[in-house]
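Scroll down for the structure; my scribbles are underneath it.
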């Protein structure tokens, strides 16, 4: 675990103010829009905030996180979910096991961006979604030094051999849709 890793209480992850700021239903709708997605791996799932919304829309959910306590909470919100303690750089699933993978405001916390992105691509058949903070100083979220610029995300996407990257700007966040 590095200094960028979120390690506060699980209640804080689901505070109404935070949930509202993250635009959870809108993000999930954008990920599913005009796509055949039946299964998603939520990498860094935490308490399954985004996984729960995918689940409510009929998607089969699996999730990994390095915090076992968060995964116990995740199971309460997504009872049929397959949640496993693991890091983003070493995902314990088969090649192309999921239609898509999703990072909900955790990609900036991984130890090795390139390895983590390649792992997400490996277990995904078609898409990798990365929701991140805007690359600007804000009164919430991580400090600017821990945020990723759009240019760095595009460079990582190219290194991981994605065919396309779409950048969707939301109110406070950016959703990157990478297509294999």
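The values are calculated or read from the model by the stated rules, or taken from the named source; none is laboratory data. The structure displayed is predicted, hence computed values, not measured ones. Cβ atoms come from the backbone with ideal geometry, glycine included; neighbour counts cover every protein chain shown.
Report, by residue number, each residue of the range 146-164 that is loosely packed, with under 14 Cβ neighbours inside 10 Å, in contact (Cβ under 8 Å) with a residue 40 or more places away in the chain and more than 21 Å from residue 126 (Cα to Cα).
Listed by number, the list holds a single entry, 146.
I need the full set of residues from the range 114-149 which are in a helix (DSSP H, G or I) and either under 20 Å from residue 41 (Cα atoms) or modelled with pLDDT of 95 or more (or both), in order please.
Answer for the range 114-149, where residues must be in a helix (DSSP H, G or I) and either under 20 Å from residue 41 (Cα atoms) or modelled with pLDDT of 95 or more (or both): 114, 115, 116, 117, 118, 119, 120, 121, 122, 123.
If you go through the range 137-166, how many residues are under 21 Å from residue 26 (Cα atoms) and touching a helix residue (DSSP H, G or I) at 6+ places or on another chain (Cβ under 6 Å)?
Number satisfying all stated conditions: 1.
Report, by residue number, each residue of the range 63-90 that is crowded, with 19+ Cβ neighbours inside 10 Å, more than 24 Å from residue 21 (Cα to Cα) and touching a strand residue (DSSP E or B) at 6+ places or on another chain (Cβ under 6 Å).
81, 83, 88 - these are the residues of the range 63-90 that are crowded, with 19+ Cβ neighbours inside 10 Å, more than 24 Å from residue 21 (Cα to Cα) and touching a strand residue (DSSP E or B) at 6+ places or on another chain (Cβ under 6 Å).
Within the range 166-180, track down each residue that is surrounded by fewer than 19 Cβ atoms within 10 Å (Cβ to Cβ) and either in contact with a strand residue (DSSP E or B) (Cβ under 6 Å, 6 or more places away or on another chain) or assigned to a strand (DSSP E or B) (or both).
Selection gives 166, 167, 168, 169, 179, 180.
Scan the range 126-145 residue by residue and report those that are in contact (Cβ under 8 Å) with a residue 12 or more places away in the chain, under 22 Å from residue 177 (Cα atoms) and over 16 Å from the mean Cα position of the chain (by Cα).
Answer for the range 126-145, where residues must be in contact (Cβ under 8 Å) with a residue 12 or more places away in the chain, under 22 Å from residue 177 (Cα atoms) and over 16 Å from the mean Cα position of the chain (by Cα): just 135.
Scanning for something part of a loop (DSSP other than H, G, I, E, B), in contact with a strand residue (DSSP E or B) (Cβ under 9 Å, 6 or more places away or on another chain), in contact (Cβ under 8 Å) with a residue 40 or more places away in the chain and at positive phi, does the range 95-106 turn up at least one residue?
Scanning the range 95-106 turns up at least one residue that is part of a loop (DSSP other than H, G, I, E, B), in contact with a strand residue (DSSP E or B) (Cβ under 9 Å, 6 or more places away or on another chain), in contact (Cβ under 8 Å) with a residue 40 or more places away in the chain and at positive phi.
Among the listed residues 41, 105, which satisfies the condition of being at pLDDT below 95 and surrounded by 22 or more Cβ atoms within 10 Å (Cβ to Cβ)?
None of the others qualify; the one that does is 105.
Residue by residue through the range 92-102, note down the ones that are surrounded by 17 or more Cβ atoms within 10 Å (Cβ to Cβ) and over 13 Å from the mean Cα position of the chain (by Cα).
93, 98, 99
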